[in-house]
């Protein structure tokens, strides 16, 4: 049991670690340019929220897809997570990225295994590209309809749990506002 938990932890960290540079860039942009940052700048602040909402989850999902399904898994994982992201753009879909990326890699890997030796000569590129697009589209729809709402519900439950701690409401409100909007000022 302990080994499986450790393997799972290594797998999840394997999706995040290659993307630390993007997290650092986001952190510096937020620290410097948000409304309450060291050098507030409205134009540069406009990059903070899209990085958190779109870039980081897509990078994590594509890394997870590559870990499971190689380069084609990377593409399908990136396509798949867009559905979850767009189901609720008010939160960052990092958990969804850690689900959709590997799922996309797994699906394309299984498709490739089934098609091994069955593709007509000369049609490999056509079949490979269309299969990645179609599988990615189906997974994006699944992400939009199922995974994104489930992850939103999980985050809502976890957020409600924070309110049970003394002073948790104020700390959570400040942290989640920055987390959701990329803006440093906390609404009163």
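Each reported figure results from applying straightforward, stated rules to the coordinates on display, with no laboratory input. Note that the coordinates shown come from a computational prediction; the quantities given were computed from them, not determined experimentally. All Cβ positions, even for glycine, are placed from backbone atoms using ideal geometry, and neighbour counts span all protein chains on display.
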For the pair residue 86 and residue 114, the simple spin-label estimate (label points 7 Å beyond Cα toward Cβ) gives in nm 2.4
Ranked on Cβ counts within 10 Å of their own Cβ, fewest leading, 53, 156 go 156, 53
Among the Cα-Cα pairs of segment 2-181, the proportion with separation greater than 21 Å, in percent, is 57
Here, residue 55 and residue 141, labelled 7 Å along Cα→Cβ, have an inter-label distance in nm of 3.2
With Cα coordinates, the longest principal axis of the chain makes an angle with the long axis of helix 124-142, in degrees rounded to 10, of 40
Contour minus Cα-Cα span, residue 163 to residue 12, at 0.36 nm per residue, comes to 51.6 nm
The residues 4, 72, sorted from fewest to most surrounding Cβ atoms within 10 Å, come out as 4, 72
Helix 2-16 sits off the longest principal axis of the Cα atoms of the chain, rounded to the nearest 10 on a 0 to 90 degree scale, by 80
Summing -39500 (n - 2.57) over every DSSP H run of at least 4 in the chain, dividing by its residue total and rounding to the nearest 500, the 222 nm mean residue ellipticity is -24000 deg cm²/dmol
Residue 123 and residue 35 label points (each 7 Å along its Cα→Cβ direction) are spaced in nm at 5.7
Going fewest to most other Cβ atoms within 10 Å around each Cβ, 116, 124 line up as 116, 124
For the chain, the longest principal axis of the Cα atoms and the Cα long axis of helix 56-87 enclose an angle in degrees, to the nearest 10, of 50
